[in-house]
Structures are given as structure tokens and as C-alpha cells.
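Single-structure report; data block below.
The values are calculated or read from the model by the stated rules, or taken from the named source; none is laboratory data. Nothing here was measured: the structure is a model prediction, and the numbers come from that model. So basically every Cβ, Gly included, is an ideal-geometry build from the backbone, and we count neighbours across all protein chains shown. These area figures cover heavy atoms from the full protein model, side chains too; ligands, DNA and RNA do not enter into them. Shrake-Rupley method; radii C 1.70, N 1.55, O 1.52, S 1.80 Å.
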Amino acid sequence: MASTITTPDSIDDRVSTRSVGVRLLSRPEIGSLVGAAVILLFFVATAAPFRDIHNTGTILYGAALIGVMAVPVSLLMIGGEFDLSAGVAVTTAGLTAGIVAYQLSVNVWVGMVAALALALLIGAFNGWLLMRTGLPSFLVSLGTFFILQGLNIAVTRLTSGAVASNSISDMDGFGTAHAVFASQFKVGGITIKIIVVWWIVFVAIAAWILLRTKIGNWIFAVGGDAAAARAVGVPVKKVKIGLFMTVGFFAWFTGMQLLFVQNGVVQSGEGVGKEFLYIIAAVVGGCLLTGGYGSVVGGAVGALIFGMVQLGVVYAGWNPDWFKAFLGAMLLLATIVNLVVKNKAEAR
Amino acid sequence: MVRWQKKAVAAGAALVLVTALGACSSSGGKKEEEKSSGSTGNVANTPRMKVALITHSGPGDTFWDIVRRGAEAAAQKDNIELQYSSDPDGAAQANLVQTAIDSKVDGIAVTLNKPDAVIPNVKKAVAAGIPVTVLNGGLDTWKTSGAIGYFSQDERIAGQATGEKLKALGAKKVICVIHEQGNVSLEARCQGIKDKFGAVENLNVNGSDQPGTQATITSKLQQDKAADYVVALNAGIALTAVQAAKDAGSAAKIGSFDMSKAMAKAVKDGTVDFAVDQQPYLQGYLAVDAIWLNKTNGDTIGGGEATLTGPAFIDKTNIDAVEKYATAGTR
């Protein structure tokens with residue numbers, strides 16, 4: 001443990017040891033966990049296929065599709081910033097890998113490295129422009145959102161003559177890349193998509209960094225009060241740019257998943273609106289919209305809630321006209337349970 | 001720039017270079033693609049005209065790309081300058097029609113899938129002496145707008161034909177996947193299937209999120225074990241449904257609307273049973289060509305009635321004849 005904040009030797013009442021229960025209840029993700037449990041019980045009671053253990057893999061997959069990107073988006077939000085370009089950046093990464101590999105007739109992995117470089121660059125650009133101009137990240141990333149959305153379509157048409165990238169499924173390296181990003185395996189009758197495993201690994205690593213390292217403390221500090229953080233020597237600029245680049249990295253990862261799960265073809269218009277789902281997952285999971293508070297595990301639980309509700313409505317076989325209304329109501333329910341539990345915890 | 005950032009950039013650049021060297025793919029890619037050069041035929045010697053094609057398409061949609069290609073082919077042949085614009089929002093699309101009127105185009109081809117919003121401005125164009133053709137959507141309303149022609153399939157009829165086809169194929173329970181909740185044309189297709197087939201259940205998915213769509217269809221097939229057919233309403237969703245059926249361990253077969261390069265391949269190798277083609281290329285082509293014919297010869301294609309461009313069924317029996325056009329992106 002390498003913390004910049006030193007623990008005082010004498011213990012006063014503000015830092016006295018609290019019971020495990022109280023400590024647990026004051027965690028940011030506890031509300032969302034209760035919300036998730038409520039939703040789980042609700043669908044277990046109402047939707048028969050939801051009880052079938054074999055379908056767990058599908059629900060986890062639905063959650064992981066949001067959850068992987070919810071990891072960096074939660075970190076970024078704790079660091080006090082937004083990234084509206086996160087949804088289309090995923091598409092940009094997928095398209096770049098496909099287009100580079102196809103147009104240059106090179107190994108798929110070369111295209112992927114190029115896409116990674118671009119994704120990190122997009123993140124760095126967002127962070128740099130934010131620090132340079134002092135504009136709200138909402139505006140900066142909104143600009144990037146439109147630029148990327150336009151570039152996705154324009155560059156795809158320019159290079160392939162159509163609005164979808166050319167298939168790279170018959171090219172060298174596709175098999176190995178597909179195995180890494182889009183394969184699946186069976187555990188006791190449950191089909192697990194590999195993205196679910198990656199998701200859990202990413203959540204664990206990010207949670208460890210946030211809670212147990214100096215960088216984690218820095219992220220909380222810059223999100224809580226950037227000026228104060230700077231005053232005590234936290235490299236605010238570096239942390240914020242780093243956070244945006246982390247979003248870039250995960251956008252690349254998710255983009256690769258998108259590319260390989262779709263047999264090497266990406267439609268250039270995809271990804272619009274997904275940025276809100278990532279933010280919703282983080283907020284449902286207890287991250288404050290104003291920064292400085294939240295958790296990575298909470299973001300993961302938020303994604304799980306979204307996945308359960310989205311597919312639970314289908315498993316329950318409800319009239320599809322009501323789908324979005326159910327989804328909205330369930331998310332509100334989860335968020336309110338979250339809020340109530342948090343308030344109760346803080347009142348102790 | 002701080003030292004670690006410089007190092008990271010250098011390392012990244014080196015990595016790109018190293019992997020790029022000697023990493024050429026032995027199969028696939030652009031080098032292997034045979035680019036068939038499109039024939040550059042003669043261009044009409046009639047005066048240069050300007051025609052606006054205004055659709056309700058969202059950006060980056062393969063279907064509308066094919067419509068646009070058809071329109072561009074006609075424009076090139078007819079010595080027309082084509083101005084393409086689109087907006088999925090009804091009011092915004094209507095405003096695009098107004099923009100075309102303001103810029104004094106010689107003709108407008110427009111979709112009327114949001115008729116209440118767009119028709120008032122179409123009437124303005126007609127009043128200003130600009131010939132208007134309607135494509136893709138608006139079967140019930142195009143005549144009231146004063147347009148000179150209509151080029152589309154009747155979605156309800158296409159759905160009904162699909163219902164008959166499913167009956168002939170011995171299907172028992174059909175899931176009809178709607179990829180844009182509340183889209184009138186898509187609802188009409190599913191309703192058409194229901195008219196003739198009966199046991200149809202609709203499923204709403206988000207068309208601009210393929211992995212999410214896949215998970216949703218998978219869960220539907222896990223929930224409804226009786227479903228033995230999934231009908232998707234565009235090519236991309238159909239291919240996603242193929243994967244979803246595999247994931248769900250379901251034996252459900254897949255039928256689809258619309259063609260694409262990937263769809264042609266799927267029909268050929270049997271992963272998709274059939275595709276209902278409304279020939280979007282033809283819609284774009286005829287909508288522009290009709291304006292030219294009207295301007296230069298006073299003709300009306302369809303003679304005041306709707307010209308249907310579909311449904312044409314494509315399955316294993318006739319895919320060979322269609323495949324090369326789908327690969328070239330015109331079917």
C-alpha cells in the first residue's frame with residue numbers, strides 16, 4: 001500500500017474503528033447491490049426462463065457488453081469528468097482495425113495495434129484539450145463525439161465504398177484474435193463468453209488500483225477538488241489525461257469485441273447512444289455525477305442491473321411495446337433503492 | 001510532454017512498426033479483392049439538372065447506401081447532379097425538403113415514412129413547379145402529396161408473402177424482430193406475416209447495437225422454446241440472429257428482409273433460409289429516373305399508380321443469379 005495520506009498515530013472519534021457492518025454499508029456500491037438483489041428476486045419470481053441456470057451466460061454477456069466500458073467510465077466519473085465520445089470511440093476502434101487490416105492486406109493484429117494507437121490518441125486528445133482549455137469535459141467530449149461519428153462514416157465510405165467495413169474474417173490472425181476477444185466455453189452447462197471473463201478481470205484490477213494504490217487516491221482527489229489536489233502535489237493533469245486514455249484503451253477492447261463477434265464487419269453508424277448506457281451503469285452503481293465518490297464494483301453492478309432488466313423483460317415474455325417503459329421503471333427502481341440504502345448507511 | 005509519455009509514444013510507435021514489418025496477410029484483404037470496373041456508358045445530352053434525394057435514413061446504414069447508389073447510377077446516366085441528404089427526425093427531414101426548394105432544384109425524390117411531417121413541404125415543392133417522386137415509404141399517402149410517382153414495395157403485402165412462404169416451409173411459431181421500435185414500415189411487415197401465418201410474436205431490439213441485439217434474441221429463444229423461425233427485418237439483424245440461435249442452442253431457422261454482400265453468402269451456405277428483397281437500388285434509380293423522364297418527355301412511370309419493387313424472394317434456388325450484384329453492393 002502506497003498512500004500519500006498518512007494515518008495519524010492517535011485515533012480520535014472521526015477515525016475510530018467502525019463495525020464491519022457499518023463499514024460495509026457505507027461503501028458506494030452497497031445500494032446498487034441491494035438494488036440488483038431486488039431486481040434479481042423480481043425476475044426469478046416472474047420469469048421462468050430466468051430461473052434456468054443455463055441462461056445465466058446470456059445475462060452475464062448482456063451485462064458485460066455494457067460492463068467492460070463501465071469500468072473506465074466509472075473511474076473517469078470518480079475523477080470528476082465525463083466522456084460522451086466513449087460510445088462512438090468503440091465503433092471507431094473496430095472500424096480502424098478492420099479498415100487498416102483490409103486496405104493494407106496485413107495481418108489482423110497489425111490493424112488492431114493501429115486501432116489501439118488511435119484509441120489511446122483519442123483519449124489523450126480529450127484529456128489534453130480539457131486541461132488546455134479548461135472547458136467542461138461534457139463539451140470537449142461532445143465535440144469529439146460528433147467528429148468521430150462523422151469520421152466513422154466518411155472514412156469508411158472513402159476506403160471501402162460502402163458504409164460498413166469490408167469483412168476481414170478470411171485474413172491472417174483472425175482466428176487468434178477471435179479466440180481472444182469473442183470465443184466462448186462451457187462451464188457446467190453454462191456457455192460463458194470470454195468477454196465476461198475479461199470483464200471480471202478488468203473490474204478486479206481497476207478496483208484494486210482505485211482502492212489500494214496511490215493512483216487510486218489521486219483519482220478520488222482530482223474528482224473531489226482538483227485545486228486542493230494540485231495544492232497537495234497530485235499531478236492533476238497527468239491523472240485526468242490518464243483517465244481519458246484508460247477510456248480509450250477500453251474503447252479499443254470493446255471495439256475489438258464488436259469487430260470479432262460480428263465476423264470481421266462493423267457498420268459505421270453503430271455506437272451512438274451507448275455512451276449513456278455506460279454512464280447509467282456508473283451512476284446506478286453509486287458514482288456521483290459530480291465526481292469524487294463512487295466505485296468500480298458499483299459500475300459493474302450497475303451494468304449487471306441493466307443486463308438483468310434488459311433480458312429479464314424478454315425472458316418474462318412481456319409485450320414488447322412496453323419494453324423501454326419497463327426498462328426505465330426498473331432502472332429508476334434500482335436507483336431509488338440505491339439512494340435509500342445509501343442515505344440509511346450515512347445516517348448511522 | 002513528460003518523460004513517461006514520450007517513452008510510451010516511442011514504445012507504441014516502435015510496436016506498430018515492428019508488427020507492420022512482415023505481417024502481410026496471406027489471404028483476404030484488398031489485394032485479393034477483384035475490383036470489377038463499373039461500365040462508364042454514355043451520358044444523356046439533355047441539359048444538366050439538379051435533383052435532391054431526401055430520405056429518413058440514420059447515418060451509416062447499408063440499406064440506404066444501396067438506395068443512394070441506385071439514385072447515383074440514374075443521375076450519372078441522366079446528366080443529373082444528385083444532392084443526397086437524410087435525417088431520421090420527421091421535422092428535420094421536412095426542413096431538408098424546404099432547403100431543396102430554396103436552392104431551386106429541378107426535382108425532389110423523397111421518402112414519406114413520416115408523412116404528417118414531410119407532406120406539407122412536399123406540397124409546397126409541387127406548388128413551386130418542382131416534380132416530386134416518392135420512394136420506399138408512403139404507400140397510403142403519396143397521392144395526396146401531389147407526387148408524380150411512387151417506388152417501393154408494399155410492406156404489408158411483402159409481409160403477407162413472407163407469411164405464405166413460412167407456411168409453405170412448415171414453420172410453427174415465428175419471432176418477428178423489429179429493430180426500430182415504432183417504425184411503421186417494420187410494424188407493417190410483422191403484421192403482414194401475422195395476417196397469413198398467425199403464430200407471430202414481435203420482439204423489439206436496438207438496431208444500432210448488434211451485440212446487445214444478439215443477447216436479446218438469444219434470451220427470447222431461450223424463453224420461447226416453441227419458436228422455430230426468426231424473421232429479421234434487415235440483413236445485419238438476420239446475421240446476428242443466426243449467431244443468437246446458435247448461442248441459445250435453438251434449432252430455429254432464420255428468414256430475413258433485404259440483401260447485402262454478407263446476406264448473399266449466408267443464403268448461399270444455408271445459414272439464412274431466405275431473404276425478401278425490396279430492391280432498394282431500383283427504388284433509388286427509378287425515383288431519380290422518373291424525374292428525368294418527366295422533365296424531358298412528360299412521362300410518368302407507373303402511370304399514376306404505385307410501382308412495386310418487391311417482394312422478390314431470394315433463396316438457395318436463385319442466389320447464384322443475385323450474388324454478384326449483392327457483392328458489388330447494388331442488390
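Per-residue answers, yes or no, for (1) in a helix (DSSP H, G or I); (2) more than 9 Å from chain B (Cβ to nearest Cβ):
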{"position": "A:GLU81", "(1), (2)": "no, yes"}
{"position": "A:LEU84", "(1), (2)": "no, yes"}
{"position": "A:GLY111", "(1), (2)": "yes, yes"}
{"position": "A:GLY127", "(1), (2)": "yes, yes"}
{"position": "A:ILE153", "(1), (2)": "yes, no"}
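Determine which single condition B:ILE237 fails, assuming it passes every other condition in (1) in a strand (DSSP E or B); (2) under 15 Å from the mean Cα position of the chain (by Cα).
Only one criterion is unmet by B:ILE237, namely (1).
Just the residues that are touching a residue at least 40 places away in the same chain (Cβ under 8 Å) and either under 28 Å from B:ASP116 (Cα atoms) or in a helix (DSSP H, G or I) (or both), please, taken from region B:78-98. Reasoning before the result, please.
Within region B:78-98, the first condition is being touching a residue at least 40 places away in the same chain (Cβ under 8 Å), and the residues that meet it are B:78, B:80, B:82, B:96-97.
The answer is B:LEU82, B:LEU96, B:VAL97.
Among the listed residues B:VAL132, B:VAL177, B:VAL184, identify the single one that is farther than 17 Å from B:ALA290 by Cα and open to solvent by less than 30 Å² (accessible area, probe 1.4 Å).
On the way: B:VAL132 fails: farther than 17 Å from B:ALA290 by Cα; B:VAL184 fails: open to solvent by less than 30 Å² (accessible area, probe 1.4 Å).
Exactly one of B:VAL132, B:VAL177, B:VAL184 is farther than 17 Å from B:ALA290 by Cα and open to solvent by less than 30 Å² (accessible area, probe 1.4 Å), namely B:VAL177.
From the list A:ALA115, A:ALA97, which residue is more than 20 Å from the chain's Cα centre (by Cα), aliphatic (A, V, I, L, M) and buried (at least 24 other Cβ atoms within 10 Å of the Cβ)? Break it down into steps so the answer makes sense when it comes.
Numbers: A:ALA115 fails: more than 20 Å from the chain's Cα centre (by Cα).
Exactly one of A:ALA115, A:ALA97 is more than 20 Å from the chain's Cα centre (by Cα), aliphatic (A, V, I, L, M) and buried (at least 24 other Cβ atoms within 10 Å of the Cβ), namely A:ALA97.
State yes or no: is A:ILE168 modelled with pLDDT of 90 or more, within 30 Å of B:VAL67 (Cβ to Cβ), buried (at least 21 other Cβ atoms within 10 Å of the Cβ) and of a type outside the set (S, T, N, Q)? Lay out the reasoning, then the answer.
Working: modelled with pLDDT of 90 or more: yes; within 30 Å of B:VAL67 (Cβ to Cβ): yes; buried (at least 21 other Cβ atoms within 10 Å of the Cβ): yes; of a type outside the set (S, T, N, Q): yes.
When the stated conditions are applied, A:ILE168 passes them.
Just checking, how many residues over region B:197-231 are touching a Leu at 6+ places or on another chain (Cβ under 8 Å) and either among the basic types (Lys, Arg) or more than 7 Å from chain A (Cβ to nearest Cβ) (or both)?
7
Going by the structure shown, is A:THR56 under 21 Å from A:ALA182 (Cβ atoms), within 11 Å of chain B (Cβ to nearest Cβ) and either touching a Pro at 6+ places or on another chain (Cβ under 9 Å) or crowded, with 24+ Cβ neighbours inside 10 Å (or both)? Write out each step before concluding.
On the way: under 21 Å from A:ALA182 (Cβ atoms): yes; within 11 Å of chain B (Cβ to nearest Cβ): yes; either touching a Pro at 6+ places or on another chain (Cβ under 9 Å) or crowded, with 24+ Cβ neighbours inside 10 Å (or both): no.
No: the conditions fail for A:THR56.
Please enumerate the residues belonging to region B:199-224 that are assigned to a loop (DSSP other than H, G, I, E, B) and touching a residue at least 24 places away in the same chain (Cβ under 8 Å). Walk me through it before giving the result.
Pass one, region B:199-224, residues assigned to a loop (DSSP other than H, G, I, E, B): B:199, B:205-209, B:224.
Those that are assigned to a loop (DSSP other than H, G, I, E, B) and touching a residue at least 24 places away in the same chain (Cβ under 8 Å): B:ALA199, B:VAL205, B:ASN206, B:GLY207, B:SER208, B:ASP224.
Can you tell me which of B:LEU53, B:LEU96, B:LEU82 is crowded, with 20+ Cβ neighbours inside 10 Å and either under 18 Å from B:TYR150 (Cβ atoms) or within 14 Å of another protein chain (Cβ to nearest Cβ) (or both)? Give the derivation first.
On the way: B:LEU96 fails: either under 18 Å from B:TYR150 (Cβ atoms) or within 14 Å of another protein chain (Cβ to nearest Cβ) (or both); B:LEU82 fails: either under 18 Å from B:TYR150 (Cβ atoms) or within 14 Å of another protein chain (Cβ to nearest Cβ) (or both).
After applying the criteria, what remains is B:LEU53.
Would you please list the contacts, defined by Cβ atoms under 6 Å and residues six or more apart or on different chains, that run from a residue in region A:275-296 that is closer than 23 Å to A:LEU148 by Cβ to a residue that is in a loop (DSSP other than H, G, I, E, B) and modelled with pLDDT of 90 or more?
Matching pairs, first to second residue: A:GLU275/A:LEU84.
Buried (at least 24 other Cβ atoms within 10 Å of the Cβ) and touching a Leu at 6+ places or on another chain (Cβ under 6 Å): which single residue out of B:ALA109, B:ALA158 fits that description? Can you show your working first?
Details: B:ALA158 fails: touching a Leu at 6+ places or on another chain (Cβ under 6 Å).
Exactly one of B:ALA109, B:ALA158 is buried (at least 24 other Cβ atoms within 10 Å of the Cβ) and touching a Leu at 6+ places or on another chain (Cβ under 6 Å), namely B:ALA109.
Please enumerate the residues belonging to region A:189-224 that are open to solvent by less than 30 Å² (accessible area, probe 1.4 Å), in a helix (DSSP H, G or I) and more than 29 Å from A:VAL236 (Cβ to Cβ).
A:ILE195, A:VAL196, A:TRP199
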